[in-house]
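The values are calculated or read from the model by the stated rules, or taken from the named source; none is laboratory data. Computed from a predicted structure; not experimentally measured. Here the Cβ positions follow ideal geometry from the backbone for every residue, glycine too, while neighbour counts run over all protein chains shown. Just the protein is used for accessible areas: all its heavy atoms, side chains included, with ligands, DNA and RNA removed. Shrake-Rupley method; radii C 1.70, N 1.55, O 1.52, S 1.80 Å.
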Amino acid sequence: MLLITAASLPLQARNLSVQVDEPRQSLAGHVRYLMTDVDTELAEVLRRPASEWQQAPDDINLGYHQQTHWFLISVTNAVAEHLDHYLELGYPMLDSVAFYQVRQDEIIHAVETGDARPFGSRAIEHRNFIFPVSMPAGSTTSIYLRVQTEGALQVPLMLWQEDAFHAASERALTLQSMFYGILLVMAAFNLFLYFSFRERAYLYYVLIVTSTLGLMTGLSGFAFQYVYPELPGVHHALILTIVPFSQFAMCLFAREFLELEDLHPGWSRIFLAMMAAALLCMAGALILDYGLSTRLSVLLAIPVALINLWAGIHLWLQGDHNAKLFSVAWLALLTGSLLTVLNKLGVLGSSVLTEHGIPIGASTQAVLFSFALADRFNRQRDAYLQEKQNSLDAMEQQREAERALHHASTHHELTGLPNRTIFERVTEAALRQNPELETGIFLLHLKNFDDVNKTLGHKQADTLLQDFAQRLNGLLSRQGGALPLDAYDHRFFCVSHVEGVSFAFTVQGSDQQAILARIDALVDQFSKPLEFKGLALELGLVFGCSFASETEREPQVLLRQAFIAFDQTVFGDGNLPVYAPEMNPYSPRRLTLMTELREALRTEGLTLHFQPQIHLMTSRVAGFEALIRWQHPEHGFVPPDEFIPMAEQTGLIKPVTRWVLNEALLFCTRLDEAGCDATVSINISAVNLREPGFCEDVCALLKKNRVAAQRLVLEVTETAAMLDPILSLQALRALRAADVRVSIDDFGTGHSSLSYIRKLPVNEIKIDRSFVMEMDRNKGDATIVRTTVNMCHDLGYEVVAEGVENENIQTLLKTLGCDLIQGYHIARPMSSDAALAWLAVTSWSKTRTPVTG
Ligand code: C2E
Ligand code: CA
Ligand code: CA
């Protein structure tokens, strides 16, 4: 027991008299204080003269003041009963608080606590500092409080009746818990949303909510009481870092939510700077002293809030929908904070709104942010669905265009009948599927059509041809048992319009005689003059036929044989000429031709011709296509169309292609010497694409001739590329990887679609010359070329048109935006010498100026 003499203190004058009917009494005006050293003891304080004690302000907030302060309150119980009251120190953030109750110089109760000590040091378990004050009837008690803290020295004091205190405390706790509960649910829900959508804004929002929660529970002492009561160190560190962290989270969220990085880089940088400042404050909290660090964090809150609001309103005014609710949310927090500040300054009276402005503002902000997120999500989803719909529409349009293009390129414009491409494909499939059946290929030609044309005029003649085609197709489909080639618009097509006024169809059956008998009947019908608009017209129908044999099952060859047979017929003899090998003037030659080709390869009997390609935009010579020429000692010129397919069949194409490649690269070096950096295109066949090591050979030849890979273009027909898609794709990829350019030749004649070609590593598309040669006269061809150019450009390919035979076509192609042209109008294929001579005099400029010396 400590005995102390304190008679000299004139305390009575400021005594607080306890009112029995007041549940709580403010101590404003009844508190005096004095500053001492840290280690000054109560005994010494009691000895201090009364003059050293100063009157404390009504609202005790002495700011950042690290010195030890003593507060003195005298309470008199004037009633005739013993009173047990609580003294509440309503600011839980004080480092060290000591409480002494002194009556008649005797310390009757002492408590040492503060938030730098474990929570267990509290006299009453409560987030604020609560001390029991026991007052016998008619007594006067002196209460000494010693307070020392690194933070703000706030000492709001209140004297409570015990019951009233518990009731009020419970009400406050319920309210607080509700508020914390709301924040927790928001955090959990948005965390769930984050994991569902992987959208970072939700995660940052969770950071905001948890930091707000941390801040509120930290400042109110709630977290210290319930979460880490034994860890005052954690409490201390958390209080210091949570404010800058919450500012960091707010800026992080704003940057993501308003998409500043992508849409407003200027704002984004400002927010990054604020985030950096917040991080610095967090780091500072660990090294700077408490007062400075908290002051810095609180100071930072002002620009953070203003910049968030400013950015929000600025973007809102610019029409950014996301910014609207965002700004309103910030306004809510700022209004709440302002109300509290004004209340503290005494401008506004006390009410729930003014006293709890910050938590109410913060929770409103949190709720509004989550509305904003939901709103943004809705808008993004609508935009996404719209975009998806648009891209589906675009895809559908592209597919439609492709279908139309495919149809146009595989059907005759006038009669709508399938063309030669379809005919050969379907016949080939039928030959493969039914090897046991006899297969006859029939050709039918209108010999007198030219005369009809002259008599009736083009328009009428066209109608006649359409009529004829329909009749023939109808008849064959019904009676002839011809192979259906195609079906569209609910109709079957058995007849192919192979060219001009020639039609073809295929019939399969168990024996040749039966087939011929069936078609004979048809021949009879069509041998009669045709009724057309009251005229009896003699169309001059001639037939030719060829049957597939064990050695010949190639539709292309069979069709040629049918042509040969038809050449032998005389119109009107009613006969159906069937091809026989002796009819074929070429066939003996065919057998020896390959041996001779091998020979020619050895004895330099082959030459390579070059045909220039012009880049339309720059009017410059951009390339040359190498075309093989064979001058046979006996037969004279043998067209490549004839011997190349044979070379492919016999495998001779492999050395042929090597030879072509080498010659072409030699020509390339000669171009270099002439100061021209044009490319050289060579034609390679499907066989080459399937050859193992082809790409390596190409690279070796490039290296040997010292030609850059980019100067070489390999032309592959789409049919060749599709023959063995997996191997072809591999080969093309390897070539592409070696920087060799790849071009799809004869585009439009095969049956692949751009969708397939898109999968190939291709640089260039060459529209087949059959679509180009007549495009100035034939609207359908012009349409095909235009669509092809556009679609290829959409897919990033260069487009070459070959078969440009006149100025009109050249102009037309330029207006269509075609990149390169090639054809007789520019120059015919020429020997390498002739090509270089042409280059020297042509008006098309070279790609670079000649190197002199
Ligand atoms: P291709 O690759 O489509 O070659 C273009 C053909 O069109 C060449 O016929 C060329 O002389 C011809 N041409 C060029 N401009 C015009 C024009 O304005 N009008 C017309 N009507 N025709 C034009 P060519 O030289 O008879 O070659 C025919 C086909 O033989 C080539 O078609 C190609 O598939 C093949 N071929 C030619 N040389 C080689 C080669 O070295 N190797 C391989 N594998 N195939 C070759
Ligand atoms: Ca070609
Ligand atoms: Ca071609």
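Determine, yes or no, whether Leu723 is within 25 Å of Cys792 (Cβ to Cβ), within 16 Å of ligand 1 (Cβ to nearest atom), buried (at least 22 other Cβ atoms within 10 Å of the Cβ) and of a type outside the set (Lys, Arg).
Answer is no for this residue.
For the stretch 741-754, a residue qualifies if it is open to solvent by less than 20 Å² (accessible area, probe 1.4 Å) and within 16 Å of ligand 3 (Cβ to nearest atom), and the qualifying residues are Val742, Ser743, Ile744, Asp745, Phe747, Gly748, Gly750, Ser752. Contact map, the stretch 231-256: residues that are outside any helix (DSSP H, G or I) paired with residues that are open to solvent by 20 Å² or more (accessible area, probe 1.4 Å), Cβ distance under 9 Å, separation 6+ or inter-chain. Pairs shown: Leu231/Pro118.
Restricting attention to the stretch 817-833 and to residues that are more than 15 Å from ligand 2 (Cβ to nearest atom) and open to solvent by 40 Å² or more (accessible area, probe 1.4 Å), the residue that is nearest to Glu625 (Cα to Cα) turns out to be Ser831.
The combined condition, being within 16 Å of ligand 3 (Cβ to nearest atom) and of a type in the set (S, T, N, Q), is not fulfilled by Ser728. Taken over the stretch 632-652, the criterion of being more than 22 Å from Arg560 (Cα to Cα) and either within 13 Å of ligand 1 (Cβ to nearest atom) or out of contact with any Gly (no Cβ under 9 Å at 6 or more places or on another chain) (or both) is satisfied by Glu634, Gly651, Leu652. For the stretch 755-790, which residues satisfy the criterion of being acidic (Asp, Glu) and either surrounded by fewer than 22 Cβ atoms within 10 Å (Cβ to Cβ) or within 17 Å of Asn419 (Cα to Cα) (or both)? Asp768, Glu774, Asp776, Asp781, listed by residue number. Could you list, in sequence order, all residues of the stretch 770-787 that are within 16 Å of ligand 2 (Cβ to nearest atom) and within 30 Å of Ile726 (Cβ to Cβ)? Result: Ser770, Phe771.
Which of the numbered conditions does Leu812 fail, given that it passes all the others? Conditions: (1) outside any helix (DSSP H, G or I); (2) more than 22 Å from Val713 (Cα to Cα). All conditions pass for Leu812, except number (1).
Filtering the stretch 627-684 to residues that are open to solvent by 10 Å² or more (accessible area, probe 1.4 Å), within 16 Å of ligand 2 (Cβ to nearest atom) and closer than 18 Å to Ala840 by Cα leaves only Thr679.
Residues that are within 17 Å of Gln710 (Cβ to Cβ) and modelled with pLDDT of 95 or more were ranked within the stretch 673-683; the one that is nearest to ligand 3 (Cβ to nearest atom) is Ser681.
Within the stretch 685-719, the set of residues being hydrophobic (A, V, I, L, M, F, W, C), within 15 Å of ligand 1 (Cβ to nearest atom) and open to solvent by 10 Å² or more (accessible area, probe 1.4 Å) comprises Ala686, Val687, Leu701. Here is a check on your reading of the model: is Asp768 under 25 Å from Val621 (Cβ atoms) and within 11 Å of ligand 1 (Cβ to nearest atom)? Yes, satisfied. Determine, yes or no, whether Ala731 is within 16 Å of ligand 2 (Cβ to nearest atom), open to solvent by 10 Å² or more (accessible area, probe 1.4 Å), closer than 20 Å to Glu764 by Cβ and hydrophobic (A, V, I, L, M, F, W, C). Criteria not met by Ala731. Would you be able to say whether some residue in the stretch 245-260 is surrounded by fewer than 19 Cβ atoms within 10 Å (Cβ to Cβ) and more than 22 Å from Leu368 (Cα to Cα)? Scanning the stretch 245-260 turns up no residue that is surrounded by fewer than 19 Cβ atoms within 10 Å (Cβ to Cβ) and more than 22 Å from Leu368 (Cα to Cα). Among the residues examined, Val523 does not qualify as touching a Lys or Arg at 6+ places or on another chain (Cβ under 6 Å) and touching a residue at least 40 places away in the same chain (Cβ under 8 Å). Total residues in the stretch 59-78 satisfying the condition of being within 14 Å of Ser139 (Cβ to Cβ) and either open to solvent by less than 10 Å² (accessible area, probe 1.4 Å) or assigned by TED's automatic domain parsing to the domain that holds Asp289 (or both): the figure is 3. Residue count for the stretch 786-810 satisfying the condition of being under 32 Å from the mean Cα position of the chain (by Cα) and away from ligand 3 (no atom under 14 Å from the Cβ): 12.
Quick one: is Thr847 more than 16 Å from ligand 3 (Cβ to nearest atom) and at pLDDT below 90? It is true that Thr847 is more than 16 Å from ligand 3 (Cβ to nearest atom) and at pLDDT below 90.
Residues of the stretch 132-157 that are open to solvent by less than 10 Å² (accessible area, probe 1.4 Å), closer than 22 Å to Thr217 by Cα and touching an Asp or Glu at 6+ places or on another chain (Cβ under 8 Å): Thr149, Gly151. Here Val799 meets the list (1) touching a residue at least 12 places away in the same chain (Cβ under 8 Å); (2) away from ligand 2 (no atom under 16 Å from the Cβ) almost entirely, failing just condition (2).
Report whether or not Leu207 is among the hydrophobic types (A, V, I, L, M, F, W, C) and buried (at least 21 other Cβ atoms within 10 Å of the Cβ). In short, no. When we screen Leu213, Leu191, Leu184 for residues that are buried (at least 21 other Cβ atoms within 10 Å of the Cβ), free of Cβ contacts under 8 Å to residues at least 40 places away in the same chain and not assigned by TED's automatic domain parsing to the domain that holds Val20, the only hit is Leu213. Residues considered: Leu207, Leu240. Of these, the only one that is outside the structural domain of Asn128 (by TED's automatic domain parsing) and touching a Ser or Thr at 6+ places or on another chain (Cβ under 7 Å) is Leu240.
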